[in-house]
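Just below is one structure, and these are the notes that go with it.
The values are calculated or read from the model by the stated rules, or taken from the named source; none is laboratory data. Remember, predicted model here, so these are calculated numbers, not experimental data. A quick note on method: Cβ atoms are made from the backbone with ideal geometry, for glycine too, and the neighbour counts reach across all protein chains shown. When the accessible area is computed, the model is the full protein with side chains, heavy atoms only, and any ligands, DNA or RNA have been set aside. Shrake-Rupley method; radii C 1.70, N 1.55, O 1.52, S 1.80 Å.
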Amino acid sequence: YDGTGCGLNDFIWAMHFGLPTMRHTLRSLLPGYYQCDGDIGEMFLNFMLHEILRELSGVDISHVKSGDPVFEAARAAAWERWCRNWMGLKDSPVRSIQLMTRVKLVAYGDRRVRTNPFHWERVVFNLPGASGYRPDLPWVMKVRFDGHLACEVFVYVDDSRATGHSRWISWRAFRHFAAVCTRHGIQIAERKSNFPSQVPQSWAGTNTDTSGGQVSATVSEKKWQKTKDCVRQLAELVRAADAAATPGSSEPVRIPLKPLLSIMGFLIYVVRTYDWMTPYLKGLNNVINGWRPGYEDGWKLTGRAAREHERAQEEAERDLTSGSHTMMFRRAHEENLDEVVPVAVEPEAPSTVKVFDRLRRDIKALLELTSSEDPPRRRIRSKEVLVALYLPGDASGKGFGSALIRREGVEYEAGVWRCEWHDQSSNFREADNLVRRIEFLVRGGLRGAEIFIYTDNFVFESCYYKGYSKTSPELSDVILRLYKAAREGGLTLHVVWIAGTRMKEIGVDGLSRGDMLDGIMAGMDPLNLVPVAQGAGQRSCGAVTEWIRSWWRNTPDWDNVQPWGKTPLVEVTKDNMFELKDVVGSRLWALPPAAMETALEMFAEDRVAHPWNAHVFAVPQLMTHLWRHSLGKDADLSFTVTTGNHFWARAQHESLLIAVVLPLCHSPAHRGPWVLRGSEGAVNLARELERGFRLHSGRLSREQLSNMDPTVQEMWKNPERRSRSLLLQFLSSARKFPPVQECLVRGLLRGEFRGPVPQAPGSRARRRRPGGGRKRPAPRNKGSHEVQKRQKR
């Protein structure tokens with residue numbers, strides 16, 4: 001029953017899955033809307049184990065007496081079969097979430113029936129940059145026949161939340177969802193259900209308030225006080241360690257690990273409400289995990305350094321003997337159950353860990369951000385409908401310039417740096433230029449606005465979402481000033497990197513040189529400057545989707561074109577993105593970057609509920625902070641297409657990200673063992689594709705060109721044909737992997753199981769002698785034997 005102590009987790013793989021957060025619920029909320037909470041009783045025990053594991057799972061009930069003499073006389077063994085999910089088993093969460101998601105999709109029913117509480121008629125995109133954008137509305141909305149937003153149910157493990165425009169409809173939606181759960185054998189803990197309210201209790205770590213004519217998020221006073229105590233405790237631990245350190249010693253001081261884990265576990269829930277605290281948990285994370293293999297000075301190794309570290313570890317593992325006390329064994333091949341290979345065990349966590357300078361800087365920032373006595377109230381949307389600010393900025397050479405774009409017009413600023421600023425880096429000057437403008441607006445009384453900061457400075461965008469700069473403490477201080485200004489003014493900030501060529505087209509780039517006759521200064525429509533509301537297919541007039549379909553097929557033979565996986569590649573649009581349960585085939589996602597956060601919410605549900613479907617994403621690299629990190633966790637292959645003379649023209653300015661998510665399949669050459677993400681083949685293919693597109697665009701250095709085979713250079717003169725050939729080879733190899741159901745069990749036990757576990761329902765019972773002994777030796781484990789027979793067929 002307890003999967004943490006029996007060793008079974010070492011032989012089980014579980015897929016990655018996402019959970020909804022407070023941000024996901026916001027698309028179904030407007031001022032005055034209601035929310036209703038419920039709880040699923042005994043979450044894991046509502047769902048069944050896999051059939052093969054049921055034959056291996058039993059509970060000793062010899063000490064349990066029923067008091068019924070007839071039952072006791074008929075009981076043949078002291079063991080009973082356990083059929084429900086284990087606690088502590090690696091795949092119990094994903095199995096429970098998967099089935100719970102399918103039940104939720106059943107509860108949604110037919111959305112066209114108006115008596116259905118989850119009814120909706122159309123999907124509306126209210127995206128920034130589009131004409132008619134309203135900052136007081138969600139970016140993606142499901143709209144009912146009466147104009148209200150549709151009811152939704154969000155399930156965070158065993159906590160559910162229903163939303164609706166009235167108390168009656170939200171309660172009806174929750175009761176309908178609860179009835180469907182009960183009908184499918186999932187119990188609802190009625191004692192934990194709450195009546196619909198505009199100020200409900202905390203859900204997923206956040207208190208969402210829709211009263212008072214606005215939507216806001218906060219935490220309870222108790223949780224905020226505990227947050228401040230945790231930050232102060234962290235500061236005291238570091239201060240005490242520094243005070244006890246030997247003067248003049250170069251060795252980093254050490255602090256206990258256990259209290260750090262407790263502090264980190266609590267703050268993770270707080271930052272779901274206050275995202276301006278998120279970057280300043282990185283130092284704490286580095287200290288907690290800095291002792292693990294693959295870390296250096298607290299930072300996780302990436303890229304070439306990570307690959308070199310992995311190769312060094314593999315060589316070290318091969319040198320170890322099978323009898324080493326630091327090794328464990330597992331089965332390597334299903335065909336040869338006697339063959340074992342050594343697998344390294346992760347070293348045990350130390351009692352104390354090193355303190356790095358990043359943690360000290362983060363503590364200073366957290367103390368400033370948590371200085372208020374009352375918990376800050378984060379305004380989700382602008383209350384003033386007409387306030388939607390676009391703030392492109394540039395500072396280069398001796399001059400600087402920025403433009404503030406409102407619906408009423410354009411306000412611009414241009415000037416020359418003083419002598420003492422000339423020695424500062426351009427990254428610092430551009431960041432300071434933008435932050436000074438926002439601080440000026442906040443001091444002038446700006447409150448609750450949504451500000452889009454468009455800049456061609458990639459370092460500034462990266463530092464904003466990371467909260468720091470490794471090389472420039474001054475730039476880190478500028479970022480902290482920006483977070484404090486956003487908190488003080490209740491601002492919603494979006495820092496968006498755009499290409500330098502687009503910045504020139506906008507015309508702000510020329511302000512630093514005194515040019516007032518380009519872009520917006522010449523009368524261009526400011527709402528169409530950055531196309532975050534347009535997808536890749538729309539921007540390329542269908543060229544991107546046509547290129548994807550050209551290599552998404554089983555064979556390179558054009559005479560017998562058949563989609564890869566023998567299912568159609570269906571494009572996901574705003575009209576069908578909420579009905580993926582009815583879409584048959586692979587999915588092609590080419591939605592606008594501003595809609596990708598909701599798109600990934602739908603993808604996460606579809607991925608966990610229907611893992612046999614493949615997905616292809618084509619997204620321009622704009623507003624990447626909303627989607628790139630989440631997409632990278634599931635993408636088996638991911639690469640960027642540089643603009644050039646092909647399907648993604650130079651006029652698009654920013655690169656195009658292509659991500660391929662394959663169905664769950666068995667890959668003996670890589671981890672999982674059912675995913676290709678991070679495998680050597682996928683990494684090499686992505687590197688070759690990116691290098692080829694850059695070669696065609698003329699963006700490779702001379703050294704890179706000299707290291708490239710001339711034959712390969714000739715091939716990339718036609719990037720569409722060459723990339724199509726490489727991707728066809730990749731998909732052809734991926735198609736040969738058997739599906740996950742064919743290799744679910746890889747020899748779970750080292751020997752034959754002879755325990756008195758009852759047979760599975762429907763299986764043939766074994767005859768026993770009157771004395772209880774076996775007539776013949778126990779047959780081979782049926783589950784593993786059946787799997788091998790299916791594989792042979």
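Could you tell me whether segment 164-242 comes out rounded, prolate or oblate from its Cα gyration tensor? Rule is a ≥ b ≥ c as square roots of the eigenvalues, rounded for a/c under 1.5, then prolate if a/b exceeds b/c, otherwise oblate. Oblate, because a/c is 1.5 or more while a/b does not exceed b/c. With a cut-off of 15 Å between beta carbons, the residues surrounding Arg144 carry a summed charge of +3, where Lys and Arg count +1 and Asp and Glu -1. With protein chains left intact and a 1.4 Å probe, residues in segment 169-233 average 47 Å² of accessible area per residue.
Scoring 681-694, 24-37 by mean Cβ neighbours within 10 Å over their residues and listing the highest first yields 24-37, 681-694.
Computed over the alpha carbons of segment 196-238, Rg followed by Dmax gives 14.0, 45 Å.
Here's how it looks for Ile453: its modeled amide H is under 5 Å from those of Leu391, His494, Val495, Val496, which are all 5 or more places away or on a different chain. Using a probe of 1.4 Å, the accessible surface attributed to Ile438 totals some 0 Å² when neighbouring protein chains are kept in position.
Taking other residues whose beta carbon is less than 12 angstrom from the beta carbon of Pro350, and scoring Lys, Arg as +1 and Asp, Glu as -1, yields +3.
Solvent exposure of segment 71-157, expressed per residue, is 41 Å² of accessible area, with all protein chains present and a 1.4 angstrom probe. Inter-part distance, segment 177-233 to segment 85-119, computed on C-alpha centroids, equals 20 Å. The HN-Hα couplings worked out from phi for segment 626-639 by the Karplus form 6.51 cos²θ - 1.76 cosθ + 1.60 (θ = phi - 60°) are 8, 8, 5, 5, 5, 5, x, 6, 10, 6, 6, 9, 9, 8 Hz, whole numbers, x standing for Gly and Pro. For every other residue with a beta carbon closer than 14 angstrom to the beta carbon of Leu89, add +1 if it is Lys or Arg and -1 if Asp or Glu, then tell me the sum. My count for the surroundings of Leu89 gives +1. When the solvent-accessible area of segment 87-132 is split by element, carbon and sulfur atoms take up 56 percent of it, the probe being 1.4 Å.
Shape summary of segment 1-111, radius of gyration then Dmax from alpha carbon positions: 19.8, 65 Å.
Beyond 19 Å in Cα-Cα separation lie the following of the pairs Lys104/Lys223; Lys258/Lys364; Lys300/Lys633; Lys258/Lys470: Lys104/Lys223; Lys258/Lys364; Lys258/Lys470. Each residue was assigned an accessible area with a 1.4 Å probe, and for Arg724 the value is about 50 Å². What the phi angles of segment 7-22 give under the Karplus curve with 6.51, -1.76 and 1.60, with θ = phi - 60°, is a coupling list of x, 5, 4, 5, 10, 10, 10, 10, 6, 6, 8, x, 10, x, 10, 4 Hz, glycine and proline written as x.
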